[in-house]
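The values are calculated or read from the model by the stated rules, or taken from the named source; none is laboratory data. Bear in mind that the values here come from a model prediction, so they are computed numbers and not experimental data. Counting neighbours? That spans all protein chains shown, and the Cβs are built from the backbone with ideal geometry, glycine included. Areas reflect the complete protein model, heavy atoms only, side chains present, ligands, DNA and RNA absent. Shrake-Rupley method; radii C 1.70, N 1.55, O 1.52, S 1.80 Å.
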Amino acid sequence: VSHTEVVSNDPVRIGVIGAGDISNEYIGNLNRYPDVKVLAVGNRDTTRAAAQAEKYGVPESGDIDSIVGNADVELILNLTIPAVHVEISTAALEAGKHVWSEKPIGIDRASVKQLLEIADERGLLVGVAPDTVLGPMWQTAKRALAAGAIGTPQSALTSFQSQGPEFFHPNPSFLYARGAGPLFDLGPYYLSALVHLLGPITQVLAVGSRASNTRKALSGPHAGAEFPVEVPTHLSVVSRFEGGQSASSLMSSDTARWRHGIVEINGTEGTMVIGNPDHFTGPGLQIYRRFIERPENMDFTQVPERIEEVGVKYGRGVGALTMARTIRGQNQHIATGEVAYHVLDAMASIEESTERERFVDLTSTVSPIPALAADFDPYARTV
Ligand SMILES: NC(=O)c1ccc[n+]([C@@H]2O[C@H](COP(=O)([O-])OP(=O)(O)OC[C@H]3O[C@@H](n4cnc5c(N)ncnc54)[C@H](O)[C@@H]3O)[C@@H](O)[C@H]2O)c1
C-alpha cells in the first residue's frame, strides 16, 4: 500500500451511495467504529436515502451526485447493484474520493482495469467486498496455515449448492442474467477466500450446465413470471494456484440439497475445515490429522482438533474501516482492488472455460496478501 500521506487525525468521513438492503448492515456497523464517520447517504430515490439517514442518524442525504460532489466526503461506499458498480466507482475516483465497493468490483475485465488505473494515477485507494475474509474465522485460518497447522497446503475443496435464489428472493430474474448466476453472485466469497489463503490462481478448467433454460419467480409481485436463464447454473471448477495447489469447487443453483459454506484445505499433515466465506465468524476451525497407524476397526472415525477463532466480533464495513486507517497513515488495507480484479479475472476465465471446454490462463496475479494483526479491533479509536 503506497498511500501513506496523513491528511488529519479526524475520523475518515464516509459517503454511502446505494440505500438498499445491505446499507443497513454497513451503516449500522460503521456507526460503531470510531475511526470513521458516516456523513451522508445518497440514492437514486432520495426519499429512500433520507429514510436511511434518519434511521441511522446520518447528518446528510441526497441523490448520487450530491455524494460524489460532497467536498467533505473522503471515502465513498458503493452499495449499488453490480451492473453500475464501475460507473459509480469511477465517478467517485474522478471526484478525488477513495472507494469501497460491494462485490463484484465490476462485471468485465476491461472496465475494471481502467478503474484501477484511474485510482493509481490519482493515488486513491480502492477496496472491494467481500470483507468477510477479514473476519476472525478467516484471519485465524490464515495465521494457522502460515504457522504450519496442516503442514504445506496442497489442495482445497469448496462447495455451495442450492435449489436457487428464487426460493428466497422476490425478484430473482437478474440473478440468472449475464454477470450473475452462482459464479458471479456467490463465487466472489469462495474464490476470495481461496486467494487470501492460498495465493493467486494461474489456470482454471470448468464444466457448466443448466437444469433449465427458464425459471420462475416464486414470491412477491412477480410470482409466477417466467424468465430466461442466461448463464450456467451448475459449475464444476478446477483451479490451479501459483504455489502448485489445486482446488475443486462446486457452484450450483441446481441441486435438491441445500448446503453452503464448504471450504477445506488439505495439507501435508492435515485437513483444515474452515466455514462459510459469506460469514465473518464460524464455530471454530477443525483440523483432521493424518493417521499415524492403522485405525482400530478400520471404521475411519476421526475426531478433529479444534482451533478457536481469535478476535472480537464485527461485520460488513470492516474493509472500509481498514481502508480508512490506511488513508490516515496506517497499513491495514487488505481487501484491495487488486485482489478483486484477480477474482473477477478468475470468474471471467471460469465462464470462458465452460464455453471453450479447456483450461483458461488467468491474465492477472496478486502480490502476497498479509494477515490482519491478531489484536485488530475496529472498535478502538486509533487515528
Ligand atoms: N443483500 C445482501 O444480503 C447482500 C449481501 C452481500 C452483498 N450484497 C451486495 O450489495 C450490493 C447491493 O445489494 P442490495 O441487496 O443492497 O440490493 P438492493 O436491491 O436492496 O439495493 C440496490 C441499490 O442500488 C441502487 N441502484 C439500482 N440500480 C441503480 C442504477 N441503475 N443506478 C444507481 N443506483 C442503482 C438502488 O437504488 C439501491 O439503493 C450488491 O452488489 C450485492 O451483491 C448484498
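Among residues of region 137-155 being of a type outside the set (S, T, N, Q) and either part of a loop (DSSP other than H, G, I, E, B) or under 18 Å from the mean Cα position of the chain (by Cα) (or both), the one that is farthest from A371 (Cα to Cα) is I150.
Within region 105-151, the set of residues being over 12 Å from L344 (Cβ atoms), of a type in the set (A, V, I, L, M) and within 16 Å of the ligand (Cβ to nearest atom) comprises V126, A129, V133, L134. The criterion of at least 2 residues that are open to solvent by 30 Å² or more (accessible area, probe 1.4 Å) is met, among strands (runs of 3 or more DSSP E) falling completely within region 1-99, by 60-62. Taking A346 as the residue in question, decide whether it is aliphatic (A, V, I, L, M) and either closer than 18 Å to A193 by Cβ or open to solvent by 10 Å² or more (accessible area, probe 1.4 Å) (or both). So A346 fits the description; yes. Here the strands (runs of 3 or more DSSP E) wholly within region 170-287 that include at least 3 residues being open to solvent by 50 Å² or more (accessible area, probe 1.4 Å), in contact (Cβ under 8 Å) with a residue 40 or more places away in the chain and of a type outside the set (K, R) are 201-209. Would it be correct to say that T140 is buried (at least 17 other Cβ atoms within 10 Å of the Cβ) and touching a helix residue (DSSP H, G or I) at 6+ places or on another chain (Cβ under 9 Å)? Here the answer is no, as T140 does not meet what is asked. With respect to the conditions (1) closer than 23 Å to G179 by Cα; (2) open to solvent by less than 30 Å² (accessible area, probe 1.4 Å); (3) part of a helix (DSSP H, G or I); (4) in contact (Cβ under 8 Å) with a residue 40 or more places away in the chain, L116 falls short on a single one, namely (2). Taking region 27-39 as the range and being within 14 Å of the ligand (Cβ to nearest atom) and in contact with a strand residue (DSSP E or B) (Cβ under 6 Å, 6 or more places away or on another chain) as the test, only I27 passes.
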